[in-house]
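Have a look at the structure below before the remarks.
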Amino acid sequence: MARESVELDRIDREILGVLREDGRIPWQTLGDRVHLSANAAADRVRRLLRRGVIRGFRADIDHAVLGRSLEAVVRVRMSDTRGFDRAVRGREDVVWAAHVTGSSDVTLSVACDGTAGLDALISWLVELGATETRTDVVLRRAK
């Protein structure tokens, strides 16, 4: 189902850029950064929320602090993807998962407890019906 496109002005785009970096920024500071009053900045954020441009605010979790220091991107070809969404939701080591086009059916961003954790995740994927996996370990993030 296609969503209706929303037009944004320069200030809305600036607000989104600031919120991408700090979703908990005080209204006054946000307003100062985009040259609006605190109330006007808050009103714009509420409007962006109502229009569905902003879906919510989330915590940026440092997985290494939780013992999951190995980050990787895993591309998976599945024999059958039914039930995959439900199964993957229960995995704390899966940061995000997307059904994709191309040579893979699913792409995962994962944060594992070293190579042993990555091995366990891939074994779980095989049990789930993975017929092929391709894994790239993240050396450092650019953005």
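The values are calculated or read from the model by the stated rules, or taken from the named source; none is laboratory data. Model, not experiment: these values are computed from the prediction. FYI the Cβ positions are ideal-geometry reconstructions off the backbone, even for glycines, and counts take in every protein chain you see. The accessibility values were calculated without ligands, DNA or RNA, using every heavy atom of the protein model including side chains. Shrake-Rupley method; radii C 1.70, N 1.55, O 1.52, S 1.80 Å.
Applying 1/(1 + (r/R0)^6) with r as the Cβ-Cβ distance of Val137 and Ala87 and R0 = 30 angstrom yields a FRET efficiency of 0.80. Carbon and sulfur atoms: what percent of the 1.4 Å accessible area of the chain do they account for? That fraction is 48 percent. Screening the chain for whole DSSP H helices with an alpha carbon extent of at least 20 angstrom along the helix axis and a mean Kyte-Doolittle hydropathy of at least 0.5 yields 114-128. Over all distinct Cα-Cα pairs of segment 29-143, the Kirkwood formula returns a hydrodynamic radius of 16.6 Å. Cβ-Cβ distance of Glu4 and Thr29, R₀ of 25 Å, FRET efficiency by 1/(1 + (r/R0)^6): the value works out to about 0.20.
The calculated FRET efficiency for the pair Val126 and Arg55, based on their C-beta separation and a Förster distance of 35 Å, comes to about 0.60.
Reducing segment 75-126 and segment 4-72 to their Cα centroids gives an inter-centroid distance of 28 Å. If eta is 1.567 mPa s and T is 4 °C, what Stokes-Einstein diffusion coefficient results for segment 1-44, Kirkwood Rh from Cα pairs, in µm²/s? This corresponds to a translational diffusion coefficient of 118 µm²/s.
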